[in-house]
Every structure is written in structure tokens, then in C-alpha cells.
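What follows draws every value from the coordinates through simple rules; no lab data is involved. None of these values were measured; they are calculated from a predicted model. In this analysis, Cβ positions are derived from the backbone assuming ideal geometry, glycine residues included, and neighbour counts consider all displayed protein chains.
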Amino acid sequence: MRGSSRSAEHVALFRALEHSRRHDRLFDDRLAARMLPQRYRAVVAASRVPAVHRWIVRYIDTHYAGGPRASAVVRTRLIDDRVEAALRADAVQLVLLGAGFDNRAYRIAAPVAFEVDHPATQATKRRRVPAAQAATVRFVPVDLSRDALAPALLAAGFTASEPAVVVWEGVTNYLTAEAVDGAFRALAALLAPGSTIIFTYVDRAALDGTGDFHGVAEWHEAVQRGGEPWTFGFDPAGLPAYLSERGLRLTADLSTRDAAASYLDPLGRTGEPTAQFYRIAVASA
């Protein structure tokens with residue numbers, strides 16, 4: 001990877017558009033627009049006009065099948081809620097694994113926060129985050145496809161004896177099976193009891209063609225054009241056993257469409273498409 005992740009930029013765009021809503025937005029993310037290249041910042045600036053915002057959202061949802069925009073914003077809100085619950089309980093450390101342009105470390109107060117990411121994407125982010133806010137986070141440059149996770153985190157000051165909440169959002173579907181396995185095993189060995197891992201994944205049936213999911217082919221084609229094809233997925237039925245074999249316990253697993261029923265539908269935003277094949281899972285150490 002020579003530059004920042006395009007998929008990370010797209011998710012940041014979707015979060016910035018959600019933040020620019022005047023009413024019924026799912027979360028606040030004031031830094032999302034700062035994560036964007038100039039062409040996308042102009043789109044977000046224009047979206048502050050409600051009629052323009054509606055047109056932009058409708059254009060994205062119409063031209064990009066499968067519901068990537070709404071899926072991204074409902075998963076963001078669901079993960080926010082899970083992170084805050086973990087921090088209210090036992091967790092005293094927040095780890096954003098494959099952080100991309102995720103700004104949770106600046107939106108949600110944690111005693112200590114770590115951002116782990118590919119050095120190229122992380123370098124771009126550090127240029128875009130205000131210095132005063134960047135100083136509150138410990139940046140850990142790691143390429144999960146080849147670098148060892150635990151030594152890098154420990155060197156950055158992670159405390160293995162204290163519970164943590166780990167967010168691994170929008171990453172597993174871009175890795176190999178070996179890299180995903182290695183990361184889960186490293187986390188299981190590193191995390192203290194009472195820790196939580198929140199991660200997203202693509203249903204394997206959306207990748208091998210055995211599932212009948214609306215929009216999956218178009219969404220997959222779009223990420224391939226961007227140079228970041230999906231390479232890995234889980235079978236939801238087999239996920240509990242997979243995690244158990246690695247010393248973890250599955251506590252929740254739902255699709256972004258399921259999440260939309262909790263977050264979008266009560267706001268009357270029932271027409272925003274989300275994906276049944278894109279899922280959010282929670283595991284405990």
C-alpha cells in the first residue's frame with residue numbers, strides 16, 4: 001500500500017455526511033471531514049444544505065448497490081454503543097485495530113487509546129488530525145499482513161493485565177485467513193479477562209457465490225476497482241466454534257440490516273439500504 005486506504009476514505013465520507021445531517025443523525029464526528037481529500041471535503045461542505053444532502057445520499061444509495069453508506073453509519077453507531085458500554089464496565093484501554101480514519105479515540109473518552117494501522121494510512125491520518133488531539137492517542141504502525149501485533153502494542157505502552165476494548169472495524173474482509181487467525185490468536189493471548197473485541201466481517205456466502213444477497217456483486221466490484229478486493233469472510237454459523245478454538249467467546253453477531261432496525265427505523269429512515277451480508281460481532285476474552 002503506497003497511500004492511504006480508499007475504503008477508509010469512503011467510510012470517512014459516509015461518517016462526515018451523517019454528521020452533516022441537521023436532524024436525526026446517529027452520531028457526531030466533527031473530524032470526519034478532515035480525514036478526506038479535497039474533492040470529498042467539497043461534497044461534505046455542499047451537503048450542509050439539506051436539499052443537497054438529500055440528493056447526495058440518494059445518489060450514493062442508488063449508484064452503489066448493497067447499501068455501503070447506511071451500513072457504515074449503522075455499524076459506527078452500534079460499535080460506539082458497545083465501546084461505551086465496555087468502558088463503563090471494566091475496560092480501561094481502547095484499541096482501534098486497523099483504525100483507518102476512525103475518530104473514536106477523539107469522540108469517546110477512554111483512559112488510554114491506541115490506534116493500530118498500516119503505516120501509510122496512519123501517516124496520512126496523523127497529518128489530518130489536529131496536533132492537540134493526536135497527542136492524546138498512542139499511534140502504533142503495524143501491517144497486519146506481516147507484522148506481529150502484540151509486541152508492537154506492548155512497546156507502545158499497552159498493559160496486558162488491564163481489560164481493554166478492541167475495535168476491528170472494516171478490516172477482516174481485506175486480509176488473508178492466516179492474517180485474521182494470527183490477529184485473533186495474538187489478541188486472545190494478550191488481552192486480560194473481561195476484555196471485549198468488536199469486529200466486522202463479510203458473510204462467506206457473499207464471497208463464494210452461495211448466498212443470495214442483494215448488491216453484493218456490485219459492492220465487491222467497486223472495492224476491486226479501488227484496489228482493495230474482499231479476500232476473506234466468515235460463515236456466521238461457524239463463528240462461535242472458530243472463536244472458541246482461539247480462546248474467545250462470541251457474545252453477539254448481527255448484520256448491518258439488523259442494526260438498521262434498531263437505529264434507522266425508529267427515526268423513520270426506513271428507506272436507507274443496508275446489507276444482510278455485512279456483519280458486526282462481539283467476542284469476550
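General remarks:
- For the chain, with +1 on Lys and Arg beta carbons and -1 on Asp and Glu, the positive-most of H23, L96, A283 along the dipole: H23
- Convex hull volume of the C-alpha atoms in region 114-159, normalised per residue: 57 Å³.
- Evaluated with a Cβ-only charge set (Lys, Arg +1; Asp, Glu -1), region 125-251 carries a dipole of roughly 700 debye about its Cα centre, given to the nearest 20.
- Among L153, S195, A222 - extreme Cα towards positive end, dipole of region 85-233, charges at beta-carbon: L153
- Only Cα pairs under 8 Å and 6+ residues apart enter the sum, and on that basis the relative contact order of region 20-135 stands at 25 percent.
- In this simple spin-label model, placing a label point 7 Å from the Cα along the Cα-to-Cβ direction at both A148 and A135 gives a separation of 3.3 nm.
- Candidates T176, L144, G247 compared by Cα position along the dipole of region 123-279: farthest toward the positive end lies L144, with charges placed on Cβ.
- Debye intensity ratio in log₁₀ form over the Cα atoms of region 233-280, taken at each q of 0.31 Å⁻¹: -1.11
- Where trypsin sites (Lys or Arg not before Pro) in DSSP loops with at most 14 other Cβ within 10 Å are excluded, longest remaining stretch of the chain: 147-285
- Mean separation of Cα contacts under 8 Å, 6 or more apart, over the residue count of region 171-252: relative contact order %: 41 percent
- Rounded to the nearest 20 debye, the dipole magnitude of region 1-160 is 700 debye, with +1 charges on Lys and Arg beta carbons, -1 on Asp and Glu beta carbons, and the Cα centre as origin.
- For the chain, the relative contact order comes to 20 percent (Cα pairs under 8 Å, sequence separation of at least 6).
- Calculated on C-alpha atoms, the gyration radius of region 61-148 divided by its Kirkwood radius gives an Rg/Rh of 1.01.
- Span-like helix ranges in the chain, DSSP H, alpha carbon extent 24 angstrom or more, Kyte mean at least -1.0: 68-88
- Taking all Cα-Cα distances within region 16-169, those exceeding 29 Å account for 22%.
- Extension gain from W55 to A89, taking 0.36 nm per residue of separation minus the Cα-Cα distance: 8.1 nm
- Cα centre as origin, Lys/Arg/Asp/Glu Cβ charges: the chain dipole, Debye: 1260 debye
- Here region 40-106 is treated as an ellipsoid with the same Cα gyration tensor; its semi-axes, largest first and in whole Å, are 30, 14, 11.
- q = 0.13, 0.15 Å⁻¹: log10 I(q)/I(0) that the Debye formula gives for the chain, counting C-alpha atoms only: -0.87, -1.20
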